[in-house]
Amino acid sequence: MSGIILAAPGSGSGKTTVTLGLLRALRQQGIAVRSAKSGPDYIDPRFHAAASGAECINLDAWAMQPERIRALAAGETPLVIEGAMGLFDGAPPMGKGATADLARILGLPVVLIMDVSHQAQSAAAVATGFAGYSDVNVVGVILNKVGSPRHERMLRRALEPTGLQVFGTIFRDYNLDMPSRHLGLVQAEEREDLEAFLDKAAGIVAQSIDVAALMAKAAPLTVPTGSLACLPPPAQEIAIAQDAAFAFAYPHLINAWRAQGAGISLFSPLQDEAPAPADLVILPGGYPELHAGKLAANQNFLTGIRDAKAVYGECGGYMVLGDGLIDADGKRHAMAGLLRLETSFERRKLHLGYRSLQPLGGLWDMALTAHEFHYATTLKAQGAPLFAAQDAEGTALPDMGLRAGNVTGSFAHVIDCAL
């Protein structure tokens, strides 16, 4: 078991594109590789999976127990981890959950992907500062968005005295920019040119980076040693919505529930499929606001969840359980009507951060860690709350979510049980 972490001094440095190119290049060379994404990210893992041909996992140093992280990272093939934001950027107040914490927990080396489009010799100072800032083992750099061969020579000359290995330089290519929307990148399945994009990224990485030297820096993973408290399945038979409107389900939870004996079935609300008979129907988060009209018209889907024994919704799924959803154009769409909830994207407001949750009833019976990220405005929320909540700094927040009989939901994405 070995692994390596691709991080950066800050967001926008090109981590995702370089990681995708590396994963696809290794796959093209016949080298089996796994990948992971640091933090509560749903978008990048889908691109990883498309690039590598293997499921991508989330590793969250704020919300997951260290032993959970070590267990999820374990595997027979090398693991490439893409960091989030800057290497040391995490939750307030002290930056817990940063990519650097993953490096410490797993004992892995870090390669910095640096956007040098507006730097020359100063890039050496940045790299030196990051390498010497803490006990994280920064072993080298990849120079991204280099402007010209002359620019490359200046950068390499400046970096020589630092002792950091330069694994390669990637010249600026605007055709590799990835489109985004308010929750991050456009989803992998929405890109008709995805395979061509991944192949192009792989070609650039293979030509520009010494891939063999980079992977040779992968270090043995820290092996799990302690006991692991599991988040038990919330029901024995679980039907989970899965399509472009409901894409934000954590694989580590689904896999863990399967391993504990739960039956898992999938269905597509966008295809007007009703869930299979189950003890619990889960509507994960996603982009239902982009498909609200279609969802409102899909009667097989709506009847299926209205007739279900129990239903749980997270974020986008929670909104669909409400009475109505107003899209960005101001049009109201009637939803399932199972919770007294009205939400709107016409008046956007960012809600972002880690959450510590204490259930007040409903599906869960233990303290949980979770994350919230959405732009929906709540116009109406009437009924008993689902969670008492705190933010990452331990500050009490208003109670979250709603519960009405066997129907529950909130804007929080549950990640793990809290210890």
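For first residues located in segment 263-283 and not assigned by TED's automatic domain parsing to the domain that holds residue 309, partners that are of a type in the set (Lys, Arg) and surrounded by 15 or more Cβ atoms within 10 Å (Cβ to Cβ) and lie 6+ apart or on another chain with Cβ distances below 9 Å do not occur. The set of residues in segment 18-33 being crowded, with 23+ Cβ neighbours inside 10 Å and either of a type in the set (Lys, Arg) or under 15 Å from the mean Cα position of the chain (by Cα) (or both) consists of 19, 20, 24.
What strands (runs of 3 or more DSSP E) lie completely within segment 321-410 and have 3 or more residues being among the aliphatic types (A, V, I, L, M)?
Hits in segment 321-410: 396-400.
In segment 235-288, the qualifying residues are those that are polar (S, T, N, Q) and touching a strand residue (DSSP E or B) at 6+ places or on another chain (Cβ under 6 Å), and the one that is surrounded by the fewest Cβ atoms within 10 Å (Cβ to Cβ) is 265. Where strands (runs of 3 or more DSSP E) fall wholly inside segment 192-287, no range has 3 or more residues that are of a type in the set (Val, Ile, Thr) and more than 30 Å from residue 370 (Cβ to Cβ). If you scan segment 309-325, which residues turn out to be within 15 Å of residue 362 (Cα to Cα) and over 25 Å from the mean Cα position of the chain (by Cα)? 309, 310, listed by residue number. Pairs meeting the criteria (first residue in segment 82-96 and more than 28 Å from residue 23 (Cα to Cα), second residue among the acidic types (Asp, Glu) and in a loop (DSSP other than H, G, I, E, B), beta carbons under 6 Å, at least 6 apart or on different chains) are 92/393; 93/393.
The values are calculated or read from the model by the stated rules, or taken from the named source; none is laboratory data. Because the structure is predicted, anything quoted here is derived from the model rather than measured. Because the Cβ atoms are built from the backbone with ideal geometry, glycine has one as well, and the counts that use them run over all protein chains shown.
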